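Chemist: This structure is in structure tokens; I'll ask about it shortly.
The values are calculated or read from the model by the stated rules, or taken from the named source; none is laboratory data. Worth saying up front: this structure is predicted, and the values here are computed from it rather than measured. Reconstructed Cβ throughout: ideal geometry from the backbone, glycine too, with neighbour counts over all protein chains shown. Surface areas here come from the heavy atoms of the whole protein model, side chains and all, with no ligands, DNA or RNA. Shrake-Rupley method; radii C 1.70, N 1.55, O 1.52, S 1.80 Å.
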Amino acid sequence: MNTTPAAMTGPRITAMTAGHAAQVLAIYRFGIDEGQATFETTAPTWEQFAAAKLPAHRHVAVDQDVATDVGQNGSTDGGRVLGWVAAVAVSDRCAYAGVVEHSVYVHPAARGRGVGSALLAALIASTEAAGIWTIQAGVFPENTASLALHARAGFRVIGTRERIGRHHGLWRDVVLIERRSPAIS
């Protein structure tokens, strides 16, 4: 076990479970309320969220420096959830079996600490292990922090889908990004 100070202060990435539900949905609500992360206007229930996301590609970043008791802050995993990443299949057609769309959310107080990068690394590892060759997402162009995070993780801009949907009564553009796995041929 690595017990260096650097290892102790970074987030621990683990599989998302129902024990993380309250914190995951709270972080999702922060993103919804900020207005630059999603077209959604309300967070789903945990049951709806869990049913929509691929179980093998749901991860949370847990703060190793903040121990919590079981049940405190809605977590049973021994720490505060700093962020999460999850993926959905883009289609049930066999030609798209290796393509997923993902979302990544980081608690406002945890931004700028490498949480998003660690979550994307975990997602890339789990999808490549499953033979998935493309991870994609749609990001509002105003969400420059997310676009920069994804560029650092090897995502490229495919293009901008103009006026793709309404958000609070206004048309919004979405930048389509993807990462093609160099490990899957």
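Chemist: Which residue, of Ala97, Ala52, is at pLDDT 95 or above and open to solvent by 40 Å² or more (accessible area, probe 1.4 Å)?
Modeler: From the options Ala97, Ala52, the qualifying one is Ala52.
Chemist: Considering each residue of the stretch 159-185, count those that are under 24 Å from Thr134 (Cα atoms) and in contact (Cβ under 8 Å) with a residue 24 or more places away in the chain, and give that number.
Modeler: Result for the stretch 159-185: 13.
Chemist: Can you name the residue in the stretch 40-66 that is part of a loop (DSSP other than H, G, I, E, B) and touching a Phe, Trp or Tyr at 6+ places or on another chain (Cβ under 9 Å) and, of all such residues, is nearest to Gly169 (Cα to Cα)?
Modeler: Glu40
Chemist: Which residue, of Met8, Met1, is out of contact with any helix residue (DSSP H, G or I) (no Cβ under 8 Å at 6 or more places or on another chain) and either at pLDDT 95 or above or assigned to a loop (DSSP other than H, G, I, E, B) (or both)?
Modeler: From the options Met8, Met1, the qualifying one is Met1.
Chemist: Taking the stretch 122-151, which residues are in contact with a Ser or Thr (Cβ under 6 Å, 6 or more places away or on another chain), open to solvent by 40 Å² or more (accessible area, probe 1.4 Å) and of a type outside the set (Asp, Glu)?
Modeler: Matches in the stretch 122-151: Trp133 only.
Chemist: Is there any pair linking a residue in the stretch 69-93 that is of a type in the set (Ser, Thr, Tyr) to one that is modelled with pLDDT under 50, with Cβ under 8 Å and at least six apart or on different chains, and which?
Modeler: These pairs meet every condition: Ser75/Thr68; Thr76/Val70.
Chemist: If you take the residues in the stretch 103-121 that are β-branched (Val, Ile, Thr) and not in a helix (DSSP H, G or I), which one is surrounded by the fewest Cβ atoms within 10 Å (Cβ to Cβ)?
Modeler: That would be Val104.
Chemist: Another question, if that's okay. Which one is least open to solvent (accessible area, probe 1.4 Å) among residues in the stretch 160-171 that are more than 11 Å from Gly138 (Cβ to Cβ) and assigned to a strand (DSSP E or B)?
Modeler: His167
Chemist: Continuing with this model, one more query. From the residues in the stretch 122-157 that are hydrophobic (A, V, I, L, M, F, W, C) and in a strand (DSSP E or B), which one is farthest from Gly10 (Cα to Cα)?
Modeler: Residue satisfying both the conditions and the ranking: Val157.
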